[in-house]
Structure formats: C-alpha cells, structure tokens
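The values are calculated or read from the model by the stated rules, or taken from the named source; none is laboratory data. Computed from a predicted structure; not experimentally measured. Here the Cβ positions follow ideal geometry from the backbone for every residue, glycine too, while neighbour counts run over all protein chains shown.
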Amino acid sequence: MRILNREYRGVDRTTDVLSFPQVDVSYQLSAISSQHFILGDIVINLHKANRQAMEYGTTLNEELKRLLIHGLLHLIGYDHEMGKYADTKMQKKAQYLFNRI
C-alpha cells in the first residue's frame, strides 16, 4: 500500500484505501451511454483496516464498509483534500451511505 501511495500519489506512507478512477469524473457520468461501465478500482489495506476497526471499537466488516464508501466517493468526484467544505460534504455523504447500506 505504501508503494502504491508513493507511486500514484507521491505520498511516501501507507494508507487505508486508494481509489484509481477509470472515468474522468469531470465528464458527466450520466452522459455515459452504457448501463455498465467500470468506475475504477478501490484498493483497501486489510491490515490497516483491521487495526483501525480495533482502534475505533467497531467490526472489521464495518470498517471495510466505511473504507469502500470512502473509495467509491473518490471515484465519483468527492475529494476531502480540497478544503474544509469539500471534506464536510464528503463526510456527510459517507455517513448517509453508511447508514443505508
């Protein structure tokens, strides 16, 4: 995970989840003519997810769900690193989805 993070993001440390979009999110997803297409790849660090689950007092399945949602939101254009407003917007959407899955 550290290698992927360094190679693709230029950040030389491990992380819990990475997303690799296959669709340019600046292009409207609704404009894609096919009903089936690949948004991208989500890579989850299982070791870190397990440690975080224990640290947060939750189950591994719940932590994996949280990370999957986080990765998916990145694939559709959310980016918490763009500032406080973007971070809050992404957190609210993540919580909404988490509560409904």
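Filter region 10-53 for residues that are assigned to a helix (DSSP H, G or I) and either exposed (fewer than 12 other Cβ atoms within 10 Å of the Cβ) or touching a His at 6+ places or on another chain (Cβ under 7 Å) (or both); which is modelled with the highest pLDDT? Spell out how you get there, then give the answer.
Going through region 10-53, the residues assigned to a helix (DSSP H, G or I) turn out to be 29-31, 46-53.
From the residues that got through so far, the ones that are either exposed (fewer than 12 other Cβ atoms within 10 Å of the Cβ) or touching a His at 6+ places or on another chain (Cβ under 7 Å) (or both) too are 30-31, 47.
Numbers: Ser30: 58, Ala31: 56, His47: 97.
It comes out as His47.
Which count do you get for residues in region 57-88 that are within 14 Å of the chain's Cα centre (by Cα) and among the basic types (Lys, Arg)?
Of the residues in region 57-88, 2 are within 14 Å of the chain's Cα centre (by Cα) and among the basic types (Lys, Arg).
Cβ-Cβ distance below 9 Å, separation of 6 or more or different chains: which pairs start in region 64-93 with a residue that is on the phi > 0 side of the Ramachandran plot and end on one that is not in a helix (DSSP H, G or I)?
So the pair list comes out as Gly77/Pro21; Gly77/Val25; Gly77/Ser26.
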